[in-house]
């Protein structure tokens, strides 16, 4: 599943956290067989319904790289993608593959997969009654939201770098900082493109409601991307975001980790307070 920190925060409210050891059905790296043949007609209907709705909605709302990358999901069969077939197309483009996992995975397992160009995807899909909102990321969020951009070589390199940075942050006791960078870029990032705000974060791309809310609703703060500000800003897992960070160009995101000395920033920010995502100075806000 996509982000262990977001899952862990959500799961903690229900008293459930990832076990330190994989369940019996999983391999040592927490991967499991997809068992695509066991998916039901309803499972495939849910995927097809969500896919058609989001593809239509996101036209001219998502960054060009996402719309171009949707081709990697055009497989020979409708319904939930067969990961073996998907990985043939994805691997040929960027060397990435999607691996099925049973549920919550430990932080180090998640980031090690990313560092080795593997994206963990929850091996389940929401029920028909949950089309509009699901707190725990499912295969639609993980595959539809993330895979199209993983077919872009520069994004693939960026995600691999985040995996390596995640492992380093764990060693430094700074995972909460790196998690915020991941959250406000990979999951809930906005970018300027063609003179408009566009979506590139998977948490928005896979959400019908937040695709509208992030671009059109006057309530959230839309803030110019500042790395130090991002690293200090908490986030919510149980509702639409109260703050979004906007990069000037989607391409600039891909150079972010190359230009930044994150370990030094972790030390610099260690004594500064966190920032509530509901709070922003008037001069920080962007025009919607």
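Here, each number is a calculation from the coordinates, and none is a lab measurement. Please read all numbers here as calculations on a predicted model, not as lab measurements. Heads up, the Cβs are rebuilt from the backbone with ideal geometry, glycines too, and the neighbour counts pull from every protein chain shown.
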Checklist outcome for this item: Within the set 168, 242, 130, GNM on the chain using Cα springs under 10 Å gives the largest fluctuation to 130
Checklist entry - Spin-label point model (7 Å from Cα, Cβ direction): what's the residue 208 to residue 55 distance in nm? => result 1.6 nm
Checklist entry - Just 113, 35, 146 to compare: in a GNM of the chain, with alpha carbon springs under 10 Å, which one fluctuates most? => result 35
Next on the checklist: Given axes a ≥ b ≥ c from the Cα gyration tensor, I'd like to know whether segment 36-104 is rounded (a/c under 1.5), prolate (a/b larger than b/c) or oblate.
Outcome noted: oblate
Checklist outcome for this item: segment 4-284: relative contact order from alpha carbon pairs under 8 Å, six or more residues apart, as a whole percent, is 19 percent
Item to check | Beta bridges by DSSP in segment 4-284, antiparallel share as percent, to the nearest 5 | outcome: 25 percent
Checklist entry - Taking 0.36 nm per intervening residue step and subtracting the Cα-Cα distance, what contour gain separates residue 196 from residue 93 on full extension? => result 34.2 nm
Checklist entry - Picking from 114, 256, 162, which is most flexible by a Gaussian network model of the chain using Cα springs under 10 Å? => result 256
Next on the checklist: Using a 7 Å offset from the Cα along the Cα-to-Cβ direction at both residue 128 and residue 249, what is the distance between the two label points in nm, to one decimal?
Outcome noted: 4.7 nm
